[in-house]
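So the structure is just underneath, and the comments pick up after that.
The values are calculated or read from the model by the stated rules, or taken from the named source; none is laboratory data. Since the structure is predicted, the reported quantities are computational estimates derived from the model, not experimental observations. Here Cβ is always computed from backbone atoms with ideal geometry, including for glycine, and neighbour counts include all displayed protein chains. Accessible surface areas use protein heavy atoms only, side chains included; no ligands, DNA or RNA. Shrake-Rupley method; radii C 1.70, N 1.55, O 1.52, S 1.80 Å.
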Amino acid sequence: MQPETSAPWFVMNTASAKVAKKGALLPTLAETYKAILRDVGDFSDVDKLVKDALAAKAEHIVIEGGDGTVQGILTEFLRQEKARNLPLFTLVPGGNTNQVARNIGLSTATPQALAKALSSRREIKSAPLLRIKDKAQRKYYGFLFSSGALPQVTDYTKDKLHDRGIGGSLAVIGGILKGATGTSSITNPTKVKLNIDADGLQKLRGPHLGTIVTTLPGLMLGLDPFWGEGERPLRVTYVAGEYQKLVRHVASLWLGNKSKDRSQDGMYSWTADRLSYRYKGPCVLDGEVLDLTKGFKIRPTQPIRFAR
């Protein structure tokens, strides 16, 4: 595959945690690649930025920032254009956790890694995003959605661990372990009515500790809390409000035990085609809080191409 002939677009977020602390990679290389350099800033004009890139028929968009930056920019592209018509994307890690970049983008923010992604030696990965649509017809796109306790863990991670200088995946793991004790005030069960279109229709009702939904092939530091079978695009894990042995099951999953039946302890996992929620409580998409109506649905988009 030959590299694109038009100038790439370099889009950075100078407010992202790693970029703000150590500086951005993209400005130092923009002249080398004759790239169009833009800062997404506070996202107040992200719609214009995306409109300009689409009008210019940009073939390759390089995004430097954290998971929230990637989610915000890709959401705007998908609001303005169909997935099959979108340019190629490259994700440069610039935030605290960088789960999305680690899976389908660059593992490190280095000139060498970017050079490969912009060359004929690049690897192309295709991945769908989650599309979340609520009753107000608002649409959000991203890779990792959670409801219930995990958004509470996200708040704890940001407010407590990051403020103490603990960053990256270690901070998220620390938050999960804090919440998994079962005695923490940061994890309170919330009521949900959830229909999961999996191997048949799964109907879940009552208090739940939380759900996790992703299209990513893996998560952080080897902890991948999904064990459902099948080739459907969404991976879903549900933990009931009356759960048991959560720490033990987290440790088992961390060790790669995906064949164990955990239903007797209130933990379930499927691969699915779509989900329908009746729920009003904390929701997070790629680390960013969502304000959704009580009813909303999740399904996958068509695959988008990423170069690395």
Inset, instruction - Please verify whether segment 3-10 includes one or more residues that are closer than 22 Å to residue 303 by Cβ and open to solvent by 20 Å² or more (accessible area, probe 1.4 Å). - result: yes
Legend entry - Count - residues of segment 29-52 that are open to solvent by 40 Å² or more (accessible area, probe 1.4 Å) and either free of Cβ contacts under 8 Å to residues at least 60 places away in the same chain or in a strand (DSSP E or B) (or both): 15
Inset, instruction - Look through segment 111-136, keep the residues that are among the charged types (D, E, K, R) and in contact (Cβ under 8 Å) with a residue 40 or more places away in the chain, and return whichever of them is nearest to residue 20 (Cα to Cα). - result: 116
Inset, instruction - Just one of (1) more than 17 Å from the chain's Cα centre (by Cα); (2) without any contact (Cβ under 8 Å) to a residue 60 or more places away in the chain trips up residue 235, so point out which. - result: (1)
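Could you please give the count of residues in segment 197-221 that are closer than 16 Å to residue 282 by Cα, open to solvent by 20 Å² or more (accessible area, probe 1.4 Å) and among the small types (Gly, Ala, Ser)?
Of segment 197-221, the ones closer than 16 Å to residue 282 by Cα are 206-213.
From the residues that got through so far, the ones that are open to solvent by 20 Å² or more (accessible area, probe 1.4 Å) too are 206-207, 212.
Keeping just the survivors that are among the small types (Gly, Ala, Ser) gives 206.
Counting residues in segment 197-221 that are closer than 16 Å to residue 282 by Cα, open to solvent by 20 Å² or more (accessible area, probe 1.4 Å) and among the small types (Gly, Ala, Ser) gives 1.
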Inset, instruction - Scan segment 47-94 for residues that are modelled with pLDDT under 95, farther than 19 Å from residue 303 by Cα and touching a strand residue (DSSP E or B) at 6+ places or on another chain (Cβ under 6 Å) and jot them down. - result: 68, 94
Inset, instruction - Name the single residue, out of those in segment 284-308 being open to solvent by 50 Å² or more (accessible area, probe 1.4 Å) and part of a loop (DSSP other than H, G, I, E, B), that is farthest from residue 100 (Cα to Cα). - result: 294
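For segment 111-138, what are the residues that are of a type in the set (Val, Ile, Thr) and surrounded by 22 or more Cβ atoms within 10 Å (Cβ to Cβ)?
132
Take the conditions outside any helix (DSSP H, G or I), over 13 Å from residue 11 (Cα atoms) and not aromatic (Phe, Trp, Tyr) and apply them to residue 57. Does it pass? Talk me through it step by step, then tell me what you get.
Numbers: outside any helix (DSSP H, G or I): yes; over 13 Å from residue 11 (Cα atoms): yes; not aromatic (Phe, Trp, Tyr): yes.
The answer is yes for residue 57.
Residues to consider are 97, 108, 14, 90; find the one that is open to solvent by less than 10 Å² (accessible area, probe 1.4 Å), hydroxyl-bearing (Ser, Thr, Tyr) and in contact (Cβ under 8 Å) with a residue 12 or more places away in the chain. Steps first, please.
Details: 97 fails: open to solvent by less than 10 Å² (accessible area, probe 1.4 Å); 108 fails: open to solvent by less than 10 Å² (accessible area, probe 1.4 Å); 14 fails: open to solvent by less than 10 Å² (accessible area, probe 1.4 Å).
Answer to the selection: 90.
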Inset, instruction - Return the only residue of 233, 225 being open to solvent by 10 Å² or more (accessible area, probe 1.4 Å), in contact with a helix residue (DSSP H, G or I) (Cβ under 7 Å, 6 or more places away or on another chain) and closer than 30 Å to residue 96 by Cα. - result: 225
Legend entry - Failed condition for residue 247, given (1) among the aliphatic types (A, V, I, L, M); (2) without any contact (Cβ under 8 Å) to a residue 40 or more places away in the chain; (3) over 30 Å from residue 134 (Cβ atoms): (2)
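Residue by residue through segment 252-275, note down the ones that are within 19 Å of the chain's Cα centre (by Cα) and surrounded by 17 or more Cβ atoms within 10 Å (Cβ to Cβ). Quick ask: steps written out before the conclusion?
Initially, segment 252-275 is screened for residues within 19 Å of the chain's Cα centre (by Cα), giving 269-275.
If the condition is that a residue be within 19 Å of the chain's Cα centre (by Cα) and surrounded by 17 or more Cβ atoms within 10 Å (Cβ to Cβ), then 269, 270, 271, 272, 275 are the ones that fit.
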